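A.B. asks: Take a look at the following structure, please.
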Amino acid sequence: MVEAEIDDSGEIVLRRITSVVDTGIAVNPDTVKAQIEGGLIFGLTAALYGEITIDKGRVQQSNFHDYRMMRINETPKIEVVVVKSGEAPGGIGEAGVNAGPPALRNAILAATGVALRRLPIDRKLLAAGRKA
Amino acid sequence: MSGKMRILASLVMIAIVAVALGIWIIRGPGPLDFAGGTKVALADYRAGKPAGVPAKLEKASLVERGEYLAKAADCMVCHTKPGEKEYSGGLGFKLPFGTLYSTNITPDKDTGIGNYSDQDFLDAVQRGKRHDGARLYPAMPYTSYTYMTDEDVLAVKAYLFSLPAVRAKPPENTLSFPFNQRWAMMFWSAVFNPDTRFTPDTSKSPEWNRGAYLTEALAHCGECHTPRNLGFALDNRKKFAGAITAGWRAFNISSDKATGLGNWRDEDLISYLSLGHAPGHGSASGPMGEAVDHSFSQFAPEDISSIVAYLRSVPPVPSPDLPAGTAPVAPASHKDGVTADARGKKVFAGACVSCHGWSGASPVSPMATLTGTWAVNDPAAINVAQIVLSGTRRHTPDDALSMPAFGNAYTDDEIAAVANYVTARFGTKGSKLTAKDVAELREQTAE
């Protein structure tokens, strides 16, 4: 679950993320938490900034100055709850990456009424949605 | 003559005098009128050699001399679209009334200047008249180049004609009416182009005269650094007092102590012109960065010194919209000092502080020091926003650090916020840029 704040210009501030994970028996629960946190940051980075554009057959983005990564001061408090389970252990490597963007998209829908169908998030759509 | 006719004739006379006076007032003084000394024809001046190339190139071929002069006149930057062949034109100048594209000046016969005779070339460079008789727009600084000697103009032609011909037709201009009426530039030219060659001033040193020739006829510094008058020509009453050109602010380079170059040491000016950086004064970026890269850095050392000697003599004109000096170093901790803009601080903390530091004195390289630069002390924050948008690159020394362009990763809101934060923290007065201002600055840069 993502809690977010959207201002009139369509800028997004992430307030809080809560994630509940059922991976069966968690062999190393601390690593499971870290893996989910890292995955969420990576996935939400893609949703917020991860646009790749191509000009004359070449990708235009080259480094972090034109391909942003979520910074520590943009990252909210992340709470990960690992469900106690007796099931056989499952993979948890990339689960966080995929969980972030849809949760944020639904938070935006709840806050603004704008139903995004493309990523990365278009701030202009959000700004227009808020003014409507 | 009847009474009525006499009154009518007097009215017409008064109208003509009023128009002439109006033109005379708008036109103002010429670029060298401030010096006020006795002028002699160049051929009669024996004390020095203001025109031509520096001593070490005296014996060089015509093409080599032309190359030095073409670089001194900085023809290439405007006549090249980034990523295309040098001198093949097509760079777009975005004006409030449309876009103007520079021309191909390679010797291609169809799309370039391959058919130009010597006289055609002189007419274009000194008088703003094209080969086919059409008038050039003064984006081509022929009101400056008009001071060049015929010999120097033709040396530039010889150099251009030594280059490979490139077939490239620049896009059509998109100027709106009445600005698309080229013939009307005839009248503009008649009023604002002195169409006269450089005349040395015998009351000044030979070094000054060389500096005047380089600064006015070749480097055309005034085209960006002198404000424009009602007719969009240079207003030399405020010579070198600074102006905004192509979305960048060209700062005051008059001898004013507070807002101009009056307090710069000679070695700072020499370093800034030849290397693009002077300790405590920042680095040349944007159009000035290009002028250093392609023009000033190629000047002979004695020519740079001549320009400095000349600049020193330009009367002080203060810039009223700038503070009377630059701000000192900001506090070392982010907790102290101005924090007017929370979003700006957030962007600065994420993207800027690792190179520029919280104090503005860079922990990484003196070239990244913000303290003391006019850019952060400009309450309009124009150049701060532009540098964030498009970055800045210096080539000397070899390990010089460059700032990447952040314009594609940050929104106009964020760039306005960080510019406002930077000017408030490191400058004298914080700016009040909005996302709209940043969007407009993006629009104005030539490309």
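A.B. asks: List the trypsin sites (Lys or Arg not before Pro) within the stretch A:84-123 that DSSP assigns to loop and that have no more than 16 neighbouring Cβ atoms inside 10 Å.
C.D. replies: Of the trypsin sites (Lys or Arg not before Pro), the ones in loops of the stretch A:84-123 whose Cβ has at most 16 other Cβ atoms within 10 Å are A:LYS84, A:ARG117, A:ARG118.
A.B. asks: State whether the protein assembly as shown is rounded, prolate or oblate according to the following rule on the C-alpha gyration tensor (a ≥ b ≥ c being the square roots of its eigenvalues): a/c under 1.5 gives rounded; otherwise a/b larger than b/c gives prolate, and the remaining case gives oblate. Could you put the intermediate results ahead of the total?
C.D. replies: Values: a/c = 2.18, a/b = 2.07, b/c = 1.05.
Prolate.
A.B. asks: What's the angle, to the nearest 10 degrees (0 to 90), between helix A:29-49's Cα axis and the longest principal axis of chain A?
C.D. replies: Helix A:29-49 sits roughly 10 degrees off the main axis of chain A.
A.B. asks: May I ask you to compute the full-extension gain from B:LYS59 to B:LYS436, defined as 0.36 nm times their residue separation minus their alpha-carbon distance, rounded to one decimal in nm?
C.D. replies: Contour length minus the Cα-Cα distance gives 130.2 nm.
A.B. asks: Still on this structure: Please compute the average number of Cβ atoms from other chains found within 10 Å of each residue's Cβ in peptide B:95-106.
C.D. replies: That average works out to 0.
A.B. asks: Using DSSP loop states and a limit of at most 13 other Cβ atoms within 10 Å to flag chymotrypsin sites (Phe, Trp or Tyr not before Pro), what is the longest stretch of chain B containing no flagged site?
C.D. replies: For chymotrypsin sites (Phe, Trp or Tyr not before Pro) (loop position, at most 13 other Cβ atoms within 10 Å), the longest site-free span of chain B is B:233-447.
A.B. asks: Which of the lysines could be linked to A:LYS77 by a straight reach, that is with a Cα gap under 30 Å, when you skip same-chain ones fewer than 8 residues away?
C.D. replies: Reachable lysines: A:LYS33, A:LYS124, A:LYS131, B:LYS335, B:LYS345, B:LYS346.
A.B. asks: Using θ = phi - 60° and the Karplus form 6.51 cos²θ - 1.76 cosθ + 1.60, what ³J(HN,Hα) does each residue of the stretch B:116-130 get, whole Hz, x for Gly and Pro?
C.D. replies: 6, 7, 4, 5, 4, 5, 4, 4, 5, 6, 9, 10, x, 10, 6
A.B. asks: Roughly speaking, what is the centre-to-centre gap between the stretch B:316-333 and the stretch A:55-94 when only Cα atoms are used, to the nearest Å?
C.D. replies: Here the answer is 43 Å between Cα centres.
A.B. asks: Add +1 for every Lys or Arg and -1 for every Asp or Glu among the other residues with Cβ under 10 Å from the Cβ of B:MET186, and state the total.
C.D. replies: Around B:MET186, the surrounding residues sum to +3.
A.B. asks: Let me ask another. Shielding by partners for B:341-352, please: the mean number of other protein chain Cβ atoms within 10 Å of each residue's Cβ.
C.D. replies: 2
A.B. asks: When the helix-only estimate is applied to chain B (DSSP H runs of n ≥ 4, each -39,500 (n - 2.57), divided by the residue count), what is the mean residue ellipticity at 222 nm, nearest 500 deg cm²/dmol?
C.D. replies: Per the formula, -10500 deg cm²/dmol.
A.B. asks: I would also like to ask the following. Rounded to the nearest whole Å³, what is the per residue volume of the convex hull around the Cα atoms of chain A?
C.D. replies: 133 Å³
A.B. asks: Mind checking the angle between helix B:3-27 and chain B's longest principal axis? C-alpha axes, 0 to 90 degrees, to the nearest 10.
C.D. replies: That helix lies at roughly 40 degrees to the long axis.
A.B. asks: Further, regarding this structure: Can you list the lysines whose alpha carbon sits under 23 Å from that of B:LYS204, skipping same-chain ones fewer than 8 residues off?
C.D. replies: Qualifying lysines at Cα under 23 Å: B:LYS39, B:LYS49, B:LYS238, B:LYS239, B:LYS257.
A.B. asks: Using just the helices of chain A, give the 222 nm mean residue ellipticity in deg cm²/dmol: DSSP H runs with n ≥ 4 each add -39,500 (n - 2.57), and the total is spread over all residues, rounded to 500.
C.D. replies: Values: 3 runs with 48 residues, N = 132.
The helix-only estimate for chain A comes to -12000 deg cm²/dmol at 222 nm.
A.B. asks: Taking the Cβ of A:ILE92 as the center, what net charge do the other residues with Cβ under 14 Å away carry, scoring Lys and Arg +1 and Asp and Glu -1?
C.D. replies: For residues surrounding A:ILE92, the net value is -4.
A.B. asks: Over the whole of B:368-378, what's the average partner chain Cβ count within 10 Å per residue? Rounded to a whole number, please.
C.D. replies: Taking all residues of B:368-378 together, the mean is 0.
A.B. asks: GluC sites (Glu not before Pro) within the stretch B:1-73: which are DSSP loop residues with at most 15 other Cβ atoms inside 10 Å? Could you put the intermediate results ahead of the total?
C.D. replies: Working: sites: B:GLU58, B:GLU64, B:GLU67; in loops: B:GLU58.
Within the stretch B:1-73, the qualifying GluC sites (Glu not before Pro) (loop, at most 15 other Cβ atoms within 10 Å) are B:GLU58.
A.B. asks: About its Cα centre, how strong a charge dipole does the protein assembly as shown have in debye, to the nearest 20, once Lys and Arg get +1 and Asp and Glu get -1 at the Cβ?
C.D. replies: Taking the Cα centre of the protein assembly as shown as origin, the dipole is about 1260 debye.
A.B. asks: At a 10 angstrom cut-off on C-beta neighbours, averaged per residue, how do the peptides B:283-291, B:129-137, B:361-369 rank from highest to lowest?
C.D. replies: By packing density, highest mean first, the sequence is B:283-291, B:361-369, B:129-137.
Laboratory data are not the source of any read-out in this text; all were calculated from the coordinates shown. Being a predicted model, the structure only gives us computed values, none of them experimental. Positions of Cβ are backbone-derived with ideal geometry, glycine not excepted, and every protein chain shown enters the neighbour counts.
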